[in-house]
Amino acid sequence: MDTSTAEYEAILYDLDGTLVRLAVDWTAVEREIATVLRTAGADPDGLVTWDLLDAADAVGVREEVEAILARHEREGARRADRLPLADALLDDEVPTGVVSLNAEAAVRIALEKESLLEAVDVVVGRDTVDARKPDPEPVLAALDVLSVAPEDALFVGDSETDEQAAERAGVAFRRV
């Protein structure tokens, strides 16, 4: 599949690891969430961030865990480092969006910090829609706002999760 950006009517980007690198200590986040889960009677051992969020759902502490995640992400967004691909976003001549596993507020903070927010037409964070990547819903929600069909869009990301979300949505993918 040819993924030159000129042939697409919209380009979607992942945030963390693609446009910026959030300054989040994910180990500390996981420890903090694990404490909440243990208190609620769940066993968090061996689980990573997104699995911990699912475990929080199972024991009814999603709101508390989501607040912990979002707080760390917002703080990390304020100290984010801009990555080279961010400059390409500014050069895009088609509608653009950011689809992220991070909370929408954190995405907006990072984009604003790097003077990228005005170049983005839609932001879909983990809490914007009911599903998160690799589910295709966040990608499709962004494309719906942009009024662009999946086959006319490109999703640029840095992970297997991004690639799976693009594939499931019927969107071309480019890994950075």
Reported set for the range 72-91 where residues are assigned to a helix (DSSP H, G or I) and loosely packed, with under 15 Cβ neighbours inside 10 Å is Arg78, Asp87, Leu90, Asp91
Which number in (1) among the basic types (Lys, Arg); (2) in a loop (DSSP other than H, G, I, E, B); (3) over 24 Å from Arg62 (Cα atoms) marks the one condition that Arg168 misses?
(2)
Looking at Ala42 and the list (1) outside the structural domain of Ala153 (by TED's automatic domain parsing); (2) of a type outside the set (S, T, N, Q); (3) surrounded by fewer than 16 Cβ atoms within 10 Å (Cβ to Cβ); (4) part of a loop (DSSP other than H, G, I, E, B), which single condition is not satisfied?
(3)
For the range 150-171, give me the residue count where each residue is in contact (Cβ under 8 Å) with a residue 60 or more places away in the chain and surrounded by fewer than 21 Cβ atoms within 10 Å (Cβ to Cβ).
4
Residues that are in a helix (DSSP H, G or I) and under 10 Å from the mean Cα position of the chain (by Cα), drawn from the range 97-136:
Glu104, Ala106, Val107
When residues of the range 1-59 are filtered for being small (Gly, Ala, Ser) and within 20 Å of the chain's Cα centre (by Cα), how many remain?
6
Expected single match for outside any loop (DSSP other than H, G, I, E, B) and either in contact with a strand residue (DSSP E or B) (Cβ under 6 Å, 6 or more places away or on another chain) or among the basic types (Lys, Arg) (or both) among Val139, Val94 is Val139
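The values are calculated or read from the model by the stated rules, or taken from the named source; none is laboratory data. Please read these numbers as outputs of a predicted model, since none were measured by experiment. Here Cβ is always computed from backbone atoms with ideal geometry, including for glycine, and neighbour counts include all displayed protein chains.
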